[in-house]
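Novice: I am attaching a structure below and will ask some questions about it afterwards.
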Amino acid sequence: MNIILMGPPGAGKGTQAKKLVEEFGLTQISTGDLFRKAHAEQTDIGIIADYFTKFGRLVPDDVTNEMVTEYFKNNLKDMKNGFILDGYPRTIVQARELEFMAAHFGFKIDAVINLEIDPEILKARLSGRRTCRQCGTTFHIVYKPPRIEGVCDVCGGELYQRADENEEAVKARLDTYLKQTKPLIDYYQMKKELTNINGAQTMEDVYKDIKKCLEGKK
Ligand code: AMP
């Protein structure tokens, strides 16, 4: 099963994707993670992407599409149980390119899920978020604090605040989402491919709704 998981930054896409990976053996493809990894390795794409990500802006479509195409080219054969796209596509140009990739590589998207949530809740969620440098697990200083401050419960790694999760960058990311990604929701809605899920529920209830949607697609 191949899924697109959409929703504004902080809606819980990454957390839900990780649960789907564990239960169904899907491969999570997070373009945000791929850009962060590329930046840590100082590749050309990583250096270009950082100019945009640090200000909460989208990386240009051609750079993003090229990275995702390369990723499919190198990894699709290993994705035996399917994949979850987490954070891609984010523009209509990317959605069109994904349709081209599907035809080219011979896969089909089975579900497009959108986590809906009020922007005010997101601001609080994002600016309190802390991420493990080692394993990527996320915590929240109020809603999901680690047992020891600054230390990951899972692997003992150091927790840090992502550069794009300070108040100014969070605001920019939400503005970017409203301007550039929201139209994509209308695009999938018009194609009658979209399932909306209330992202303000508990993590467990959101996951239950996602599973219900996937059951209906079998
Ligand atoms: P995320 O971890 O999904 O919130 O992504 C972090 C940042 O990476 C975003 O704010 C963008 O700057 C960049 N990014 C991730 N995915 C995309 C995409 N599909 N198109 C353009 N930029 C992206």
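Novice: Inside segment 66-83, can you point out the residues that are surrounded by 13 or more Cβ atoms within 10 Å (Cβ to Cβ), touching a residue at least 40 places away in the same chain (Cβ under 8 Å) and not hydrophobic (A, V, I, L, M, F, W, C)?
Specialist: Scanning segment 66-83 gives Tyr71, Gly82.
Novice: Kindly indicate whether Pro119 is within 15 Å of the ligand (Cβ to nearest atom), over 30 Å from Val142 (Cβ atoms) and not hydroxyl-bearing (Ser, Thr, Tyr).
Specialist: Against the criterion (within 15 Å of the ligand (Cβ to nearest atom), over 30 Å from Val142 (Cβ atoms) and not hydroxyl-bearing (Ser, Thr, Tyr)), Pro119 does not qualify.
Novice: So, in segment 99-129, how many residues would count as being modelled with pLDDT of 95 or more and crowded, with 20+ Cβ neighbours inside 10 Å?
Specialist: Residues meeting the conditions: 4.
Novice: Do we find that Ile4 is more than 10 Å from the ligand (Cβ to nearest atom), of a type in the set (Val, Ile, Thr), touching a helix residue (DSSP H, G or I) at 6+ places or on another chain (Cβ under 9 Å) and assigned to a helix (DSSP H, G or I) in this structure? Before the answer, list the steps.
Specialist: Numbers: more than 10 Å from the ligand (Cβ to nearest atom): yes; of a type in the set (Val, Ile, Thr): yes; touching a helix residue (DSSP H, G or I) at 6+ places or on another chain (Cβ under 9 Å): yes; assigned to a helix (DSSP H, G or I): no.
No; evaluated as a whole, the condition is false for this residue.
Novice: When you check Asn114 against the structure, is it polar (S, T, N, Q) and either within 14 Å of the ligand (Cβ to nearest atom) or out of contact with any Leu (no Cβ under 7 Å at 6 or more places or on another chain) (or both), yes or no? Lay out the reasoning, then the answer.
Specialist: Numbers: polar (S, T, N, Q): yes; either within 14 Å of the ligand (Cβ to nearest atom) or out of contact with any Leu (no Cβ under 7 Å at 6 or more places or on another chain) (or both): no.
No, not satisfied.
Novice: Among the listed residues Asp164, Asp186, identify the single one that is more than 18 Å from the chain's Cα centre (by Cα) and either modelled with pLDDT under 95 or within 20 Å of Arg125 (Cβ to Cβ) (or both). Before the answer, list the steps.
Specialist: On the way: Asp164 fails: more than 18 Å from the chain's Cα centre (by Cα).
Exactly one of Asp164, Asp186 is more than 18 Å from the chain's Cα centre (by Cα) and either modelled with pLDDT under 95 or within 20 Å of Arg125 (Cβ to Cβ) (or both), namely Asp186.
Novice: Since Gly14 meets every condition but one in (1) within 11 Å of the ligand (Cβ to nearest atom); (2) in a helix (DSSP H, G or I); (3) under 13 Å from the mean Cα position of the chain (by Cα); (4) free of Cβ contacts under 8 Å to residues at least 60 places away in the same chain, which condition does it not meet?
Specialist: All conditions pass for Gly14, except number (4).
The values are calculated or read from the model by the stated rules, or taken from the named source; none is laboratory data. Quick caveat: nothing in here was measured; it's all calculated off a predicted structure. Positions of Cβ are backbone-derived with ideal geometry, glycine not excepted, and every protein chain shown enters the neighbour counts.
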